[in-house]
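Derivation of every value follows stated rules applied to the coordinates shown; laboratory data play no part. All figures in this text were calculated on a predicted structure; none of them were measured in a lab. Using ideal geometry, Cβ is built from the backbone for each residue, glycine included, and neighbour counts are taken over all protein chains shown.
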Amino acid sequence: MSKKKKYVGISSILLIGVVVLLYALYVMKIGPFDGSSNKVEQNAPMTSNNADEKISVTAMEALRLGFEEAKKHTGEEPLLIDMRSKDNTNVPQEKTDGADGKRNTWYLRFGSKKGNFRIYITIENGNAITNDVRKDDNNLLRKGRYTISDINIDSPKAVKQAIEELSMQPGNPEIYKGYNFTISGFQTDPDSYDTRLLLRVTGISPNSPNSENESLRMHAFFDGKTGEMLNASEMTGYDEEGRSMWRYIEPKH
């Protein structure tokens, strides 16, 4: 046998050996050959992008989120018209929702000082979503009135006081779900059209249900600028025409 044939034979044997070794490594899934490793790793923390995940915020947190979203649509300062929490959402609501002053869905309306724009925003699970933007060169839209600095009370403090001083109860998830909140201008003087900035907490009266087995709502009103509880009212039932009847109640200071 010539030296040339001998080297060819050796090379063939070596080539076959390399192929066999590579195949064995592939089958065993060792090293970088299949881009994986046989090392057992701990599960990494998961970040959920589930749209049904419930993330709740306070009234002031919702207002700040809404204010930043509204600024994207105007060069002027957005002013709050009103805002309220919502319990008719896609995420299931529990009886305890709002007991800590937080809700997962809020609805806010912003306007301008002169009435040339209006912006509707929803805060849902910690995200601000613009629902509608309207502009009017004739300044005929409802005007915004309140800045963030005008409001000096937040929903956690208000609901805590309503529970402690009024024995306010949460709404049943089938009717009024948990505790709800509204920040708006309310008419407090029947002889005047002027409004006063208030935070309203809504729940259920401790006297509910009444003798007719009707669920009785309760409101507690707080001065938006001072944080003081001004008054409270509770529903007593319905009249013959189906209108709700209310009475004022004194807080337990």
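Here are some notes:
- The distance between label points at LYS135 and GLU165 comes to 4.5 nm (points 7 Å beyond Cα on the Cα→Cβ vector).
- Going by neighbour counts of Cβ atoms within 10 Å, the residues SER56, SER244, SER211, SER192 line up, fewest first, as SER211, SER192, SER244, SER56.
- The modelled label-to-label distance between ASN207 and GLU241, using points 7 Å beyond Cα along the C-beta direction, is 2.3 nm.
- Counting other Cβ atoms within 10 Å as a rough exposure proxy, the listed residues PHE186, PHE117 run PHE186, PHE117 from fewest neighbours to most.
- Extending 7 Å from Cα along the Cβ direction at LYS72 and again at PHE186 yields two label points whose distance is 3.3 nm.
- Distance-filtered residues of segment 69-93 - backbone nitrogen under 20 Å, label point 7 angstrom along ASN127 Cα→Cβ: 69-73, 85-93
- Centre separation in Å (Cα based) which lies between segment 92-119 and segment 174-253: 18
- The alpha-carbon of LYS252 sits under 13 angstrom from the alpha-carbons of these aspartates and glutamates, leaving out residues fewer than 8 places away in its chain: GLU164, GLU165.
- Per-pair calculated FRET efficiency, R0 = 41 Å: ALA99 and ASP194 via Cβ, rounded to 0.05: 0.80
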